[in-house]
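Q: Below you'll find the structure I mean.
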Amino acid sequence: MKYMVVDDEPFALEDLEETLKEAAPDCTLYSFTFSSKALDHARTEKIDVAFLDIEMGSVNGLVLAKQLKDIQPDIHIIFVTGYEQYALAAIRMHATGYLTKPATVEDIRRELTFLYGETPKEKQTIRVQTFGGFAVFVNEEPVIFSRAKSKELLAYLVDRRGGAVTTAGACLILWEDQLYDRKLVQYFQTIVYELRQSLRDAGIEDILIRSRNSLAINTSKIVCDSYQFMEGVPSAVNSYRNDYLLDYSWSEFSIANLEK
């Protein structure tokens, strides 16, 4: 979503910017202290919602709202002002919302929920570390795994880089010295269940792609150091110390590829 904020008072503008970014962290935000610059921008780029002060210097916010509507008829207008007497005028302008200063995060989320049917959610960053010990972080908070084998299974799926692995294939890798029988399959199913539970607790179960008899990792949903290494990202290349998934013997083939 693209939002515009217009207020001729720099401190008030900064305060509203910070509140809006907290309420809708994924938004693209454009801020202006001059209504003329806001209008120029609206002529070149579509804006979803404009948050406007009403009492401004040369151009009243109600006038600016009308001008923005002339340029972009579908734009939503939310007035943010310290003057409650403008509420009726805002209603007559068919404004989407009306907030009194200082607007809170809850105020803005309520207005956006009214517009779009849900509160904007914080975008999750899922970072997977394969160099220097395997770990998964959600917004830099570590994911806790109930079993070491559940963690190892996820590490193997990451190593597969989106390639699917069957139950038999996974068991062969995780328990290379054990007989593949019904008992081992049942234990593997327990491992998968607990992996899903750990990911669900962290709010990231959707990184797993599950079918009837296979598992894979959705590589588009994660940021992984070894993936970046293979792409030549300098920070990832510089961070490699011959320490790719060293806890797992099955990683030897991938290490050979990395070191090529």
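Q: Specify the inter-centroid distance of region 194-218 and region 165-186, based on alpha-carbon positions, in whole Å.
A: 18 Å
Q: Same structure, new question: Placing unit charges on C-beta atoms (Lys and Arg positive, Asp and Glu negative, everything else neutral), compute the dipole magnitude of the chain about its Cα centre in debye, rounded to 20.
A: Values: 28 positive and 39 negative charges, 231 e Å.
Dipole magnitude for the chain comes out near 1100 debye.
Q: With θ set to phi - 60°, apply the Karplus curve 6.51 cos²θ - 1.76 cosθ + 1.60 along region 148-155 and write out the HN-Hα couplings as whole Hz, x wherever there is a Gly or Pro.
A: 5, 5, 5, 5, 5, 4, 5, 4
Q: Between the DSSP loop rule and a limit of at most 16 other Cβ atoms within 10 Å, which trypsin sites (Lys or Arg not before Pro) in region 3-53 are left?
A: On the way: sites: Lys21, Lys37, Arg43, Lys46; in loops: Arg43, Lys46.
Of the trypsin sites (Lys or Arg not before Pro), the ones in loops of region 3-53 whose Cβ has at most 16 other Cβ atoms within 10 Å are Arg43, Lys46.
Q: Would you mind getting me the FRET efficiency between Thr104 and Thr190? Use the beta-carbon distance for r and R0 = 45 Å, nearest 0.05. Walk me through the intermediate numbers first.
A: Numbers: r = 46 Å, r/R0 = 1.02.
With R0 = 45 Å, the Cβ-Cβ based efficiency is 0.45.
Q: For the chain, what does the helix formula give at 222 nm: sum of -39500 (n - 2.57) over DSSP H segments with n ≥ 4, over the residue count, nearest 500 deg cm²/dmol?
A: Working: 11 runs with 112 residues, N = 260.
That calculation yields -12500 deg cm²/dmol at 222 nm.
Q: Once neighbouring chains are kept in place and the probe is 1.4 Å, which whole percent of the accessible area of the chain is contributed by carbon and sulfur? If you can, show how the numbers build up before the last one.
A: Working: 7220 of 14380 Å².
Carbon and sulfur atoms account for 50 percent of the accessible area of the chain.
Q: Then there is this: Name the long-range amide H neighbours of Val5: under 5 Å, sequence gap of 5 or more, or other chain; modelled H, no Pro or chain starts.
A: Sorted by chain and number, the residues that satisfy this are Tyr30, Ser31, Phe32, Phe51.
Q: While we're on this one: Arrange the peptides 161-172, 177-188 so that the one whose residues have, on average, the most other Cβ atoms within 10 Å appears first. Write down the numbers at each step before the final one.
A: Values: 161-172: 15.7, 177-188: 11.3.
Output ranking for 161-172, 177-188: 161-172, 177-188.
Q: Ok, one more. Among Ile204, Thr81, Val6, whose Cα sits farthest toward the positive end of the charge dipole of the chain (+1 at Cβ of Lys/Arg, -1 at Cβ of Asp/Glu, about the Cα centre)?
A: About the Cα centre, the residue reaching furthest to the positive side is Ile204.
Q: Related question: To the nearest 0.05, how large is the calculated FRET efficiency for Ile222 and Leu179 if R₀ is 30 Å and r is the Cβ-Cβ distance?
A: 0.35
Q: Between Arg127 and Asp70, what is the label-to-label distance in nm when each label sits 7 Å out along the Cα-to-Cβ direction?
A: The two pseudo-label positions are separated by 4.9 nm.
Q: May I pose another question? Quick check: pseudo-label points 7 Å beyond the Cα along Cα→Cβ at Thr28 and Ser211, how many nm apart are they?
A: 3.6 nm
Q: Moving to a separate point now. Show me the chymotrypsin sites (Phe, Trp or Tyr not before Pro) within region 1-38 that DSSP assigns to loop and that have at most 14 other Cβ atoms within 10 Å of their Cβ.
A: Values: sites: Tyr3, Phe11, Tyr30, Phe32, Phe34; in loops: Phe34.
Sparse-neighbourhood loop chymotrypsin sites (Phe, Trp or Tyr not before Pro): Phe34.
Q: Further question on the same structure: Just to confirm a number: summing +1 for Lys and Arg and -1 for Asp and Glu over residues other than Asp8 whose beta-carbon lies under 9 angstrom from that of Asp8, what do you get? If you can, show how the numbers build up before the last one.
A: Working: positive: none; negative: Asp7, Glu9, Asp53, Glu55.
Charge balance in the 9 Å sphere: -4.
Q: Another one. How high is the relative contact order of the chain, in percent, counting Cα pairs under 8 Å that sit 6 or more residues apart? If you can, show how the numbers build up before the last one.
A: Working: 365 pairs, mean separation 39.5, N = 260.
Dividing the mean separation by the residue count of the chain yields 15 percent.
Q: Another question about this same structure. Return the sequence-ordered ³J(HN,Hα) values of region 44-56 in whole Hz as given by the Karplus equation 6.51 cos²θ - 1.76 cosθ + 1.60 applied to θ = phi - 60°, using x for Gly and Pro.
A: Here the 3J(HN,Hα) series is 10, 9, 5, 10, 7, 9, 10, 9, 10, 6, 9, 7, 10 Hz.
Q: For the pair Leu115 and Glu231, how long in nm is the line joining their label points, each one 7 Å along Cα→Cβ?
A: With each label point 7 Å from Cα toward Cβ, the separation is 3.0 nm.
The values are calculated or read from the model by the stated rules, or taken from the named source; none is laboratory data. None of these values were measured; they are calculated from a predicted model. So basically every Cβ, Gly included, is an ideal-geometry build from the backbone, and we count neighbours across all protein chains shown. With ligands, DNA and RNA removed, areas are computed over all heavy atoms of the protein, side chains included. Shrake-Rupley method; radii C 1.70, N 1.55, O 1.52, S 1.80 Å.
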